[in-house]
Every structure is written in structure tokens, then in C-alpha cells.
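Student: Sending over a structure as C-alpha cells; questions will come in a sec.
What follows is calculated from the coordinates using simple rules that are stated; it is not laboratory data. Small disclaimer: the values here were computed from a predicted structure and weren't measured. A quick note on method: Cβ atoms are made from the backbone with ideal geometry, for glycine too, and the neighbour counts reach across all protein chains shown.
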Amino acid sequence: MSASLIEQLAARLGISPEEAERSLQTLIARLHEDLRTHGETTIPGLGVFRRAREGLTFEAAPALEIAANYRFAGMPALPVSPEPEERPGDVEETERVEAGSEDEPAAPEEGVAEAEESVAEAEESVAEAEESVAEEAPSPSGEVGGEKEALVKEDATGAEEPDEATEETAEAEAPDLFETVAFEASLEDEEEVWEAPRDEADHPLGPLPEPDFEEADYDVVEETVEEVEIVEEVEIVEETAETSVSEDEAKAEAPEVEDDASIFNVIHFEDDEEVKAIDESAGEAVDAAEPEAEEATEPEAEEEAVSASDEEIETIKRAAMHPPRTPIRRDRASRTGFFIVIGVLAVLTGAFFAYQMLKPRAEEPETPALTEDLPPADTSAVSALPPADSARAEAAAEPESPVRRTLGGIDRNAGGWTVIVASETTPEAAEAAAQPYLDLDLPVDVLRGVSKGVTRYRVGVGQFAGQAEAEAAIRRLGDRLPPGAWPLRITSRM
Amino acid sequence: MAQISTEQVANALADIVRDGVLEGRAVDVPGLGSFHLEHFPSRLSEDENGCSVVLPPRDTVVFEAEQ
């Protein structure tokens, strides 16, 4: 037994392979038994097995056949050659066979000839019937068909021989011819019903309406165009030509002049003189044209009109050659100038601010609060000394020279006030800043202090009894002292 | 264990044969024969009117009985 088949069977039935094998053997035995007894057996969903001479045959179930042939399902058989035409002889043979006379001898040749004769006679009768129908009034096709049917039948019956095959052939062909003739008759009927065109005079609805235009209109238009051209040429070529100006021409010219003048007024802003000249000439032309419209017999007015039109033509030509100057330039120029001014102002403003930002600033000495980190001053010793005496005493203490070249000289224990001229963060910088003031007739020293948590080394100049004296010294020594010099109380901790 | 009826076995056999044949495999049933799918190309034939026609190709289940 096929292992794969048994395994699949066992899997589908949910049994062991041994049981599946036994079940399959039982089924096969039963199928063979049915074949022996009944000659055929069926497996539902698979097909029918039959016992035949050559052996066991199988016919698949319809569902299985369709499923197997799904790729080519619905494909029909395609004819290769056209159907053969039905010849009278073939039809006769077919009828003979159908009549069950397969063994009887047939006379196809005689029957074909007689059938052909009958066909020819039928065609002649059809032609006669057509002619008769053409002469008659339109009638229902049925009547015509009936007549023709009678004719055909008569011909068919008249042409037939006692031979049964011929009669059968004619009767077989008559209906076909009848249908053909009836169709042709119907076509002819339709042709006779054709309506005549409407342009015929005897049409029941009457003739067609006349067109709106006439050829004569074109002639009139052409003539007017030619006349205008001729007049213009005359005016351009001959200034003094005595030509009669009709009312229509004058009216045609006047509005043209006004339109041209208005155009020039819009375009030419700068050519005022030209505009004025044109306006004047146009006005004269209009004024001249109006009386001309009434009389049309004054040669002087005509000349003025001709000259005005000549000037206009010349100005038109000039304008065409030179492009018109529009007032747009002025607007552009004014806008451009405005932007230039704005730009210059912006540049100057920026330069001013940049200068202010970048210019060097003079170092200003620090100006802390007067009450900052300063203990109460000991004014007892200071009050004892006059303001100038302290300076003189110090100067006398140093007999070397009235000009101090070294720092020092301020008695911290004596207290008093001094003038601070510099404040540095290092003693070296303070000593360097004190050098310019050593030539003053005042003591200069570096005083140490703390301001906002930062140790400052201040250069003090002079030692004064009180704040007022210190401020007076600042005013007195204004040029020598830096701007912003400020008085400071002297303490022992400096 | 429930007994399997012959009808159930026949149905299962039919399913196995159908699935195998449609997949293009040959299925051999011992004691009966083998089933396989065979392709027949298109061919000329005549219809009932005697006109030549081209029959479309087809796939058919072919059974070969066991000798």
C-alpha cells in the first residue's frame, strides 16, 4: 500500500495507519464486488468506475472535471472554415435523407436543373412584381408580399413537374425568395415615401425663407470703402485741392481728431507746447468742420481742416517713431530719491551710534559711598591741626626737596581727609598711578581699603583737616587732578 | 474507538485523490489504479454540421486501472 496515501487517510480519519490500511482494503473490496454485480460503482466526489471489455474505465465527476480544467474553462470551439452554402442539391439530399429514404436512389441532377429553372422564373416574377409596386401608390408591405407570394407560388407550381423532388424544392425555396422580395419591396416603399426638398415650389410647407443678407449689400460696403480711401489720398497729396467734403466725412473726421488729441494729452506730459498746438489745431478743425457740415462749400475752412489733419498725421507719425514719454519716470525718480535719502540717514545714524559705542572712555575713579566700610573718624587729632599746617609739617619733615618723589607722607593715625585721584586693585598699579602727582606740594600715598568685598589700593593726595578743605583743594588743583577726584576720610586701617 | 464507516473512507479517499490530482501529482490507489492530470492540446475536429472547428486545450483526470 502507498505509504503516503495511508498516512493521509489516517490523518483525515483520525485513526492509526494500520486501521486506515484495513479500511481502505475493505473499501476496495467492496468496490470490486459492486463492479462484478452491477458493472459499475461510484465514489462520491471522485467519479464512476465501469467494467468494460478493455478493462476498468473511469468517468470523473463533473465537479472534478471542472476543477481540473479550470485553466481552459469557458473556451469555446472556434470554427475554422465558413459554413458551406446551401446548394439546392444539398438541400434536396438532406430532405431525402430526412424523409427516411436513405436506400432509395435519388435523381439529384434532374432535380437541380429543374430547381434552377424554377429559381430563374421566380426571379423574373419578382422583377415584374417590383415594377408593378413602383407604379402603384405606397401600400402596406403585406399586400405586396401577398401578391408576390401568389406570383411565386404560381411560378413554383407552374414550373414543377410531377416529380415530387421538384415540388418539394420549389416549396422549400419559395419562402426564402418571398422574404427577400418582401424586404426589397419594403425598401422601395421607403424610397417612395422620401420627401421632396423644401426648396421646391410645390412643397406643401412652402419654399425656404430667404436669407437675411443679399449680395447687393456687399457691393455697397465695398463702394463706401473705396470712396473713403480716395478722399484721404486727396487730402494728403493736395493741400489746396477744392474737394467737396460731405457731411459724413466731416463727422467722421471730427471725432477722430478729438480722440487723437485726447490720447496725446494723456501720454505727453512734457510736450505741452505740442499738446497745446494740437489742441488748438484740433479745435480749429472741429470748429471748421461744424459749419462745413452745414454748408460744405467754403474752401477756406476746408483748407484749415486739411492742414489740421495734416498736422495730426505728422504728430501721429512722430509719436509712432519716438516712444511716448510717460509720467512713470517722475514717480520712479521721486521714489528713488526718497529711498536714497532714507539710506543716507540710516548710514549716518549707524555711524553715530557706532562712534558712541566705540569711542574710548576715560577711566573714572571709583566713587563708593561715603559711608562705606569706614569706621567713625577720629577727628580729635585732626581738629588740633590747622589744615595747612599738616601739609607744612610734613613738608618740613622731609627737608630734601619741596617736590615729593616718593610715596608716603600721609599719617593714618592723624586721620583727616585726603583726595583720592586713582583706585587700583594692586599696589603696584596704584604706585604707578601716583607718580604724576608726586611733584605736587602735597603728600601722596597709597591707601588700602575694601570696597564691596574687593581690596582697593587708592592713591591719596594731601591730608586735610576736613572734607571741606579737601573739596577746596580739588577745586584749587582742578587741572592737575583727574576729573572725578573725590575726598576720602583717612583711617588707621588704611 | 468509533468505527469508521465505508462511506467515510470513500469520502476521504476521494478528497485525497482530488487534492493530489489538482496539485499535479499522481495518486496511486492500491487495488484500484492510479489517477493523474493529463493535458490535451487544442485539436481540429468537426462539429455536428460537419464544419471544421478547433477544440480548445483541456486538462483531464486520467485513470489507469491496476493490472
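Student: Let's test the formula: R0 of 35 Å, r as the Cβ-Cβ distance of residue A:75 and residue A:131. What FRET efficiency results, to the nearest 0.05?
Tutor: Working from the Cβ atoms, E equals 0.10.
Student: Continuing with the same structure: Report the label-to-label distance for residue A:66 and residue A:452 in nanometres (one decimal), using points 7 Å from each Cα along the Cα→Cβ vector.
Tutor: 10.3
Student: Using Cβ counts within 10 Å as a stand-in for footprinting exposure, how do B:27, A:347 rank, fewest first?
Tutor: A:347, B:27
Student: Under the rule of at least 5 residues apart or a separate chain, name every residue whose amide H is placed under 5 Å from the amide H of residue A:486.
Tutor: So residue A:486 has HN proximity to A:420.
Student: Starting with the fewest neighbours, write out A:491, B:60, A:455 ranked by other beta-carbon atoms found within 10 Å of each beta-carbon.
Tutor: Fewest-to-most Cβ neighbours within 10 Å comes out as A:455, B:60, A:491.
Student: Tabulate in residue order the Karplus-calculated ³J(HN,Hα) for the range B:21-33, using 6.51 cos²θ - 1.76 cosθ + 1.60 with θ = phi - 60°, rounded to whole Hz; enter x for Gly and Pro.
Tutor: My calculation for the range B:21-33 gives 5, 5, 7, x, 9, 8, 10, 9, 9, x, x, 10, x Hz in order.
Student: Please arrange A:357, A:494, A:75 by how many other C-beta atoms lie within 10 Å of their C-beta, fewest to most. Before the final figure, lay out each step's value.
Tutor: Values: A:357 7, A:494 18, A:75 14.
Ranked by crowding around the Cβ, least crowded first: A:357, A:75, A:494.
Student: Related question: Label points 7 Å out from Cα along the Cβ direction at residue A:32 and residue A:57: separation in nm?
Tutor: Rounded to a tenth, the inter-label distance reads 2.2 nm.
Student: Let me ask you something else. Scan around residue A:442 for amide H atoms under 5 Å from its own, H built in the peptide plane at 1.01 Å from N, and keep only partners 5 or more places away or cross-chain.
Tutor: Amide H neighbours of residue A:442, under 5 Å, 5+ apart: A:404.
Student: What are the ³J(HN,Hα) couplings of the range A:431-442, residue after residue, when phi is run through the Karplus curve with 6.51, -1.76, 1.60 and θ = phi - 60°? Round to Hz, x for glycine and proline.
Tutor: So the J values, rounded to whole Hz, are 5, 5, 6, 7, 4, x, 9, 6, 7, 6, 7, 9.
Student: Using θ = phi - 60° and the Karplus relation 6.51 cos²θ - 1.76 cosθ + 1.60, list the HN-Hα couplings for the range A:473-478 in order, rounded to whole Hz, with x at every Gly or Pro.
Tutor: Computed from phi, the couplings for the range A:473-478 are 5, 4, 5, 5, 9, x Hz.
Student: So between residue A:313 and residue A:120, what do we pick up on full extension, going 0.36 nm a residue minus the alpha carbon distance?
Tutor: Gain on extension, residue A:313 to residue A:120, equals 60.4 nm.
Student: A further question follows. Quick one: length gained pulling residue A:480 to residue A:208 fully straight, 0.36 nm per residue minus the C-alpha distance? Don't skip to the end; give the middle numbers.
Tutor: Working: separation 272, 0.36 × 272 = 97.92 nm, distance 12.66 nm.
Between residue A:480 and residue A:208, full extension yields 85.3 nm more.
Student: Taking H placed 1.01 Å from N in the peptide plane, check which residues at least 5 places from residue B:58 or on another chain put their amide H under 5 Å from its amide H.
Tutor: Placed amide hydrogens put B:40 under 5 Å from residue B:58.
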